[in-house]
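Trainee: Handing you a structure now.
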Amino acid sequence: MLGGTMSRNVHLVDAALVLRVHAPSVSPARVRAERRLRHVLLDAGLTAAKPRSVTGEDLLWVAGRVAEVEQYVPHGAPVPTWNAYRSMFVTLSRVHGVLGDASVPRPVVSTYGPPGTLRRHLALLSRRPLNSTSRRHLQDVSATLRAVLKSWVPARELPASTVHGDPRLENLPTGHAGEPVVLDLGFAARRPRIHDLAYATAWILLGPNDAGTPSTDAVDQIQHCISTYEEGAGGLTPMERRAFDGYLAGVCLYQSTVAAHVEDPDAHLDQPGVRNMLETARTVVARPRTFV
């Protein structure tokens, strides 16, 4: 098993293929669109999982779920070093440039935290039975969201692209020959490109094992990562710089508000990663323009 957020992925070793069985909420149209995105990346010279057909069919059905087969891309296990993160941001700039206006239906689920989404989640979460610790957590989320709203830049005012949606080292690793690899487009969507930079930064700050204790030079290193993105993408606009903190905080707060949709919201909110993401959001609000 190769893991996966929106699919269960099985490595068929002898055939050098991967069978991806998608979640019930993922439609055939969405899967076909992701396959087209991978072809766009391949045609541009990036390394991605090449879609394969089986008996002439692009899609399969496994236990009532849409499935597909793709070529396995050999790559190393991601090691969270600053060189690896900088390479990831370089790849991200290439992905945005290549995908550009490519069409893809919105994913049913994605870690994208604009205020409207967060408010809807919070309204649902507030009606769930919660313990006192979770209620305090919810109050902190609400207060942080109010602060984010004061400087939020709507998506329509920002440069957009078809973004990766889940830019982490395991999804943007390097191949065995050192080439950049693009995997897992399950969250790909037409969004402000700054969202991808904010999302990547949130997970870097969370760190391995959800510890939320990045090294003391994390700010300088993340600034360097974003600069490498700018070199490939032609820079960030002033509006993107203004928007970055809000989108970073939104990604972090999403981890709390999504508790509205899980079976045990108290257990979800008690996870170290969720608590640490909230602390990151509060820090970003308290110290704006730290990274860009």
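Trainee: What ranking, highest mean first, results for peptides 208-220, 17-29, 227-239 when packing means the other Cβ atoms within 10 Å averaged over each residue?
Mentor: So the peptides 208-220, 17-29, 227-239, ranked by packing, come out 17-29, 227-239, 208-220.
Trainee: Another question, then. Explain nothing, just compute: Karplus ³J(HN,Hα) = 6.51 cos²θ - 1.76 cosθ + 1.60, θ = phi - 60°, for every residue of region 108-115 in order, whole Hz, x for Gly and Pro.
Mentor: Going residue by residue, I get 5, 10, 6, 7, 10, x, x, x Hz, with x marking Gly and Pro.
Trainee: Report, in whole Å, the centroid distance computed from the Cα atoms of region 191-244 and region 146-187.
Mentor: Cα centres, region 191-244 to region 146-187: 10 Å.
Trainee: For an R0 of 35 angstrom, estimate the FRET efficiency from the Cβ-Cβ distance between Ser132 and Ala218 and round to the nearest 0.05.
Mentor: According to the calculation, E is roughly 0.60.
Trainee: If one takes the longest principal axis of the Cα atoms in the chain, at what angle in degrees, from 0 to 90 and to the nearest 10, does the Cα axis of helix 238-257 lie?
Mentor: 90 degrees
Trainee: Also, quick follow-up: Roughly how many nanometres apart are two label points built 7 Å out from the Cα toward the Cβ at Arg120 and Ala267?
Mentor: Distance between label points: 2.6 nm.
Trainee: For region 95-133 and region 275-292, compute the distance between their C-alpha centroids and round to whole Å.
Mentor: First find each Cα centre; the distance between them is then 19 Å.
Trainee: Over the chain, with a Gaussian network built from C-alpha contacts below 10 Å, which listed residue (Arg168, Arg241, Arg191) shows the highest mean-square fluctuation?
Mentor: In this elastic network of the chain, the residue with the biggest mean-square fluctuation among Arg168, Arg241, Arg191 is Arg241.
Trainee: Suppose R0 equals 22 Å; then what is the FRET efficiency for Asn83 and Ala44 from their Cβ-Cβ distance, rounded to the nearest 0.05?
Mentor: My answer for the efficiency is 0.40.
Trainee: Which value, to two decimals, describes the C-alpha radius of gyration of region 82-286 once divided by 2.2 N^0.38 Å? Mind dumping the intermediate values first?
Mentor: Working: Rg = 16.7 Å, N = 205, 2.2 N^0.38 = 16.6 Å.
This ratio for region 82-286 stands at 1.00.
Trainee: Please work out whether region 7-71 counts as rounded, prolate or oblate from its C-alpha gyration tensor, where a ≥ b ≥ c are the square roots of the eigenvalues and a/c under 1.5 means rounded, while otherwise a/b larger than b/c means prolate and anything else oblate?
Mentor: It is oblate, given that a/c is not under 1.5 and a/b is not larger than b/c.
Trainee: What ranking, highest mean first, results for peptides 268-276, 100-108 when packing means the other Cβ atoms within 10 Å averaged over each residue?
Mentor: The most tightly packed comes first, giving 268-276, 100-108.
Trainee: Roughly how many nanometres apart are two label points built 7 Å out from the Cα toward the Cβ at Asp101 and Glu279?
Mentor: Each label point is offset 7 Å from its Cα along the Cβ direction, giving 4.6 nm.
Trainee: Another one. Once you keep just the Cα pairs under 8 angstrom separated by 6 or more residues, what percentage relative contact order results for the chain?
Mentor: For the chain, the relative contact order is 21 percent.
Trainee: Relative to the longest principal axis of the C-alpha atoms of the chain, give the angle of the C-alpha long axis of helix 28-43, reported between 0 and 90° and rounded to the nearest 10°.
Mentor: Approximately 80 degrees, to the nearest ten.
Trainee: Please give the calculated 222 nm ellipticity per residue for the chain, where each DSSP H segment of at least 4 residues contributes -39500 (n - 2.57) and the sum is spread over every residue; nearest 500 deg cm²/dmol?
Mentor: Working: 9 runs with 134 residues, N = 292.
The helix contribution divided over the chain gives -15000 deg cm²/dmol.
Trainee: Sticking with this one: Evaluate E = 1/(1 + (r/R0)^6) for Ala63 and Arg287, where r is the Cβ-Cβ distance and R0 equals 51 Å; express this FRET efficiency to the nearest 0.05.
Mentor: The calculated FRET efficiency here is 0.55.
Trainee: Each label point is 7 Å from the Cα along the Cα-to-Cβ direction; what then is the distance between the points at His176 and Val54, in nm?
Mentor: Going from the His176 label point to the Val54 one covers 2.5 nm.
Trainee: To continue, here is another question. Arrange the peptides 172-178, 48-54, 86-92, 151-157 so that the one whose residues have, on average, the most other Cβ atoms within 10 Å appears first.
Mentor: Going from most to least packed, we get 86-92, 48-54, 172-178, 151-157.
Rule-based calculations on the coordinates, nothing more; no lab input. Remember, it's a predicted structure, so these values are computed and weren't measured experimentally. Neighbour counts are summed over all protein chains in view; Cβ atoms, including those assigned to glycine, are modelled from backbone coordinates with ideal geometry.
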